[in-house]
């Protein structure tokens, strides 16, 4: 495993390199459409055709802010819609997350496969 620290909206990752992309609680911090589009371009470029993408964000009913920052909230169809036809939605689920401070947060998970080229 190699750790990469970078701004996900501007990082240049190798093309068709990764079998699995897992994001728990990054995408919902991208509140501007151009940030989300840059993220999706990065995923589309770096995940191999047939590769798997798992993204978890705040669900509807989740908080409006996290760590003092504004966030986006999604239904499963909205979250998958951000990624478009290049990704097939295989499964989605909701989670009730209990933070260490006792707060309850609703999450939605989407599990997708990158369409083979």
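Tell me whether segment 12-20 contains one or more residues that are in contact (Cβ under 8 Å) with a residue 24 or more places away in the chain, in a loop (DSSP other than H, G, I, E, B) and either in contact with a strand residue (DSSP E or B) (Cβ under 6 Å, 6 or more places away or on another chain) or under 22 Å from residue 89 (Cβ atoms) (or both).
Here is the first cut: in segment 12-20, the residues in contact (Cβ under 8 Å) with a residue 24 or more places away in the chain are 13-20.
Keeping just the survivors that are in a loop (DSSP other than H, G, I, E, B) gives 13-17.
Add one more test, that the residue is either in contact with a strand residue (DSSP E or B) (Cβ under 6 Å, 6 or more places away or on another chain) or under 22 Å from residue 89 (Cβ atoms) (or both), and what stays is 16.
Yes, because at least one residue in segment 12-20 is in contact (Cβ under 8 Å) with a residue 24 or more places away in the chain, in a loop (DSSP other than H, G, I, E, B) and either in contact with a strand residue (DSSP E or B) (Cβ under 6 Å, 6 or more places away or on another chain) or under 22 Å from residue 89 (Cβ atoms) (or both).
Take the residues in segment 44-66 that are touching a helix residue (DSSP H, G or I) at 6+ places or on another chain (Cβ under 9 Å) and farther than 17 Å from residue 95 by Cα; name whichever of them is surrounded by the most Cβ atoms within 10 Å (Cβ to Cβ). Outline the logic, then answer.
In the first step, residues of segment 44-66 are kept if they are touching a helix residue (DSSP H, G or I) at 6+ places or on another chain (Cβ under 9 Å); the result is 44, 53, 55-60, 62, 66.
Next, only the ones that are farther than 17 Å from residue 95 by Cα stay: 44, 53.
Details: 44: 16, 53: 25.
Per the stated criteria, the residue is 53.
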| If we scan segment 89-108, do we find a residue that is in a strand (DSSP E or B), surrounded by 11 or more Cβ atoms within 10 Å (Cβ to Cβ), under 12 Å from the mean Cα position of the chain (by Cα) and at negative phi? | yes
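Listed here are the residues, each with its yes/no results for (1) modelled with pLDDT under 95; (2) over 22 Å from residue 108 (Cβ atoms).
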{"site": "2", "(1), (2)": "yes, yes"}
{"site": "24", "(1), (2)": "yes, no"}
{"site": "38", "(1), (2)": "no, no"}
{"site": "50", "(1), (2)": "no, yes"}
{"site": "53", "(1), (2)": "no, no"}
{"site": "73", "(1), (2)": "no, no"}
{"site": "82", "(1), (2)": "no, no"}
| remark: Pairs returned, first residue in segment 35-46 that is touching a residue at least 40 places away in the same chain (Cβ under 8 Å), second residue that is assigned to a helix (DSSP H, G or I) and surrounded by 17 or more Cβ atoms within 10 Å (Cβ to Cβ), beta-carbon separation under 9 angstrom, 6 or more apart or interchain, are 36/27; 36/82; 40/82; 40/83; 43/83; 44/83
| field | Residue ID - farthest from the chain's Cα centre (by Cα), chosen from residues in segment 28-43 that are surrounded by 18 or more Cβ atoms within 10 Å (Cβ to Cβ) and more than 13 Å from residue 83 (Cα to Cα) | value | 30
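Given the condition part of a helix (DSSP H, G or I) and within 15 Å of residue 78 (Cα to Cα), answer yes or no: does some residue in segment 46-60 qualify?
Restricting attention to segment 46-60, the residues satisfying the condition of being part of a helix (DSSP H, G or I) are 46.
Going one step further and asking which of them are within 15 Å of residue 78 (Cα to Cα), we end up with none.
For segment 46-60, residues part of a helix (DSSP H, G or I) and within 15 Å of residue 78 (Cα to Cα): absent.
The values are calculated or read from the model by the stated rules, or taken from the named source; none is laboratory data. From a predicted model like this one, the values you see are computed outputs, not experimental measurements. Cβ: placed from backbone, ideal geometry, glycine included. Neighbour counts: every protein chain shown.
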